[in-house]
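Q: Below is a structure I'd like to ask you about.
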Amino acid sequence: MESLLAKTAYPDFEILVADNDSDDPALLAFYERMKADPRFAVVSCPGPFNFSAINNRAAQHARGEILGLLNNDLEVMHAEWLDEMVAHAVRPEIGCVGAKLYYPDFRLQHAGVITGLGGVAGHAFKNFPRHDPGTPQFRPHLVHNVSAVTAACLVLRKTIFAQAGGFEEHGLKVAFNDVDFCLRVEALGYRNLYTPFAEFIHHESASRGAEDSPEKIRRFQTEIAFIQARWGDRLLNDPAYNPNFTLDSEDFALAYPPRVPLLT
C-alpha cells in the first residue's frame with residue numbers, strides 16, 4: 001500500500017482492499033488511518049480463503065472502467081507502472097495485461113505464463129537473473145502476447161471481466177484461476193499481453209504461506225484435475241509458445257524428445 005500510494009503517477013485510481021478476515025492490530029489501525037483518503041475503501045470478504053471469490057466480490061464494488069488486481073505482497077518499483085498497463089488495457093483487441101515481477105533478490109518471478117508447462121502452466125523464464133537476455137530474442141524484455149498472465153498483477157477493462165464471468169469460484173479457489181480466466185478471455189477473441197515496462201517486487205505467498213500441508217496438497221491436486229478437464233489439449237498447445245520448446249522447464253529449451261513429429 002505504501003509503495004502504491006507513493007509511486008503511482010497515474011492520478012485517477014481508487015483502492016479497494018479485499019479483506020479476508022484480517023485481525024492483525026497494526027493492519028486494522030492502518031485501515032482506520034486510511035479512512036480519511038476518499039480513494040480508499042475496505043471490502044469485507046469473510047470466510048475460508050477463496051482467491052477467486054475474493055476478487056469477484058471486490059470487482060463488483062469497483063467504480064472505474066479499468067480493474068487492476070494486485071496481490072498484497074507486491075512492491076511498486078517505478079511510478080509509470082499503471083500508465084503502461086492501462087495504455088495496453090484500453091486497446092480494443094487486448095484483454096488481460098500482466099507485468100514483470102521479481103523475487104526480492106531480483107530473479108524473475110513472472111514474465112508471462114506458458115500453458116502446458118508441468119502439465120498445466122508455468123511462468124516464462126522463472127528464476128532467471130534480472131538482466132539475462134533470455135531466449136528467444138530478448139523475450140522477457142519485450143512487450144508481447146501471451147496465453148495468460150498471473151493475477152498477482154493483472155489489469156483489464158471491467159467490461160471484459162464481466163463478459164468472461166469473473167474467476168472460477170468453485171473449481172479453482174486458489175490455484176490456476178488466473179490461467180483459466182485468461183483462457184476464457186482469449187476465447188472471447190481478445191489477446192492477452194505481457195509488458196516488461198511495469199515492474200514489481202513480488203514476495204510470493206508472503207501472507208498465505210507455502211502450499212505444503214496435506215489439505216492444501218489435496219486441494220491443489222483437485223484444481224489441477226479441474227483445469228485439465230476443462231481445457232484438455234489446449235493447455236499443451238500454447239499458440240504463444242513454439243511447439244519445439246520443452247514443457248518440462250521454464251527456460252525455452254528445445255524439447256527432447258521432440259514434441260513435433262519429424263517430417264519424413
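The values are calculated or read from the model by the stated rules, or taken from the named source; none is laboratory data. Just so you know, these numbers come straight off a predicted model, no measurement behind them. Methodologically, a virtual Cβ is constructed for each residue, glycine included, from the backbone with ideal geometry; neighbour enumeration extends over all protein chains shown. For accessibility, only protein heavy atoms count, side chains too; no ligands or nucleic acids. Shrake-Rupley method; radii C 1.70, N 1.55, O 1.52, S 1.80 Å.
Q: Using a Gaussian network model of the chain with C-alpha springs under 10 Å, which one of T195, T222, T150 is most mobile by mean-square fluctuation?
A: Maximum fluctuation in the GNM of the chain, among the listed residues, is at T222.
Q: Rounded, prolate or oblate: which fits the range 2-59 when a ≥ b ≥ c are the square roots of the eigenvalues of the alpha-carbon gyration tensor, with rounded for a/c under 1.5 and prolate only if a/b beats b/c?
A: Values: a/c = 2.21, a/b = 1.35, b/c = 1.63.
Oblate shape, in that a/c is at least 1.5 and b/c is the bigger or equal ratio.
Q: Under a 1.4 angstrom probe, counting protein chains only, how are H144, H170, H203, H110 ranked by accessible area, largest first?
A: H170, H203, H144, H110
Q: Rounded, prolate or oblate: which one fits the range 62-124, using the alpha carbon gyration tensor with axes a ≥ b ≥ c (rounded when a/c is under 1.5, else prolate when a/b beats b/c, else oblate)? Before the final figure, lay out the partial values.
A: On the way: a/c = 2.04, a/b = 1.27, b/c = 1.61.
In terms of gyration-tensor shape, oblate.
Q: So which of K126/K173; K126/K216; K126/K158; K35/K216; K100/K158 end up more than 26 Å apart by C-alpha?
A: On the way: K126/K173 24 Å; K126/K216 23 Å; K126/K158 29 Å; K35/K216 35 Å; K100/K158 22 Å.
Long pairs (Cα-Cα over 26 Å): K126/K158; K35/K216.
Q: What share of the DSSP beta bridges in the range 1-145 is antiparallel, in percent to the nearest 5? Intermediate values should be presented prior to the final figure.
A: Details: 6 of 11 bridges.
Close to 55 percent.
Q: When only the heavy atoms of the protein chains count and the probe is 1.4 Å, how do K100, K126, K173 rank by accessible area, highest first? Display every interim value, and only then the final one.
A: Working: K100 10, K126 65, K173 90 Å².
From most exposed to least exposed: K173, K126, K100.
Q: Compute the distance from the alpha-carbon center of the range 78-126 to that of the range 240-264, in whole Å.
A: Between the Cα centre of the range 78-126 and that of the range 240-264, the gap is 22 Å.
Q: Over the chain, what is the percentage of antiparallel beta bridges among all DSSP beta bridges, to the nearest 5?
A: Values: 21 of 32 bridges.
Among the beta bridges of the chain, antiparallel pairing accounts for roughly 65 percent.
Q: Using only C-alpha positions, report the orientation-averaged shadow area of the convex hull of the range 115-170, nm², one decimal.
A: Numbers: hull surface 22.1 nm².
It is 5.5 nm².
Q: Let me ask something else about it. Where a ≥ b ≥ c are the square roots of the eigenvalues of the C-alpha gyration tensor, would you call the range 130-220 rounded, which needs a/c under 1.5, or, failing that, prolate if a/b is larger than b/c, or oblate? Walk me through the numbers on the way to the answer.
A: Details: a/c = 2.11, a/b = 1.16, b/c = 1.81.
Cα axes put the range 130-220 in the oblate bin.
Q: Roughly how many Å² is the accessible area per residue of the chain, as a whole number, for a 1.4 Å probe?
A: On the way: 13350 Å² over 264 residues.
On a per-residue basis, 51 Å².
Q: Which residue, P136, P214, P46, has the most motion in a Gaussian network model of the chain that connects Cα atoms within less than 10 Å?
A: Of P136, P214, P46, the Gaussian network model singles out P214 as fluctuating most.
Q: Normalising by the residue count of the range 1-52, find the relative contact order in percent from Cα pairs under 8 Å and 6+ residues apart. Could the numbers behind the result be given before it?
A: On the way: 36 pairs, mean separation 23.2, N = 52.
Once normalised by length, the contact order is 45 percent.
Q: Okay, moving on. Out of all Cα-Cα pairs in the range 107-264, roughly what percent, to the nearest whole number, are more than 19 Å apart? Write down the numbers at each step before the final one.
A: Working: 7127 of 12403 pairs.
In whole percent, the long-distance tail amounts to 57.
Q: Under a crude label model (7 Å from the Cα following the beta-carbon direction), how far is R107 from H203 in nanometres?
A: 1.9
Q: Which FRET efficiency value, to the nearest 0.05, do you get for N237 and A187 by plugging their Cβ-Cβ distance into 1/(1 + (r/R0)^6) with R0 = 22 Å? All intermediate terms of the calculation are to be shown ahead of the outcome.
A: Numbers: r = 14 Å, r/R0 = 0.63.
Step by step, r from the Cβ atoms, then E = 0.95.
Q: Could you tell me the ratio Rg/Rh of the chain? Both radii from Cα atoms, Rh via Kirkwood.
A: Details: Rg = 18.5 Å, Rh = 19.2 Å.
Rg/Rh for the chain comes to 0.96.
Q: OK, next. Determine the order of E215, E65 by accessible area, beginning with the largest, at a probe radius of 1.4 Å. Kindly include the intermediate steps, with their values, before the conclusion.
A: Numbers: E215 130, E65 155 Å².
Heavy-atom accessible area, descending, gives E65, E215.
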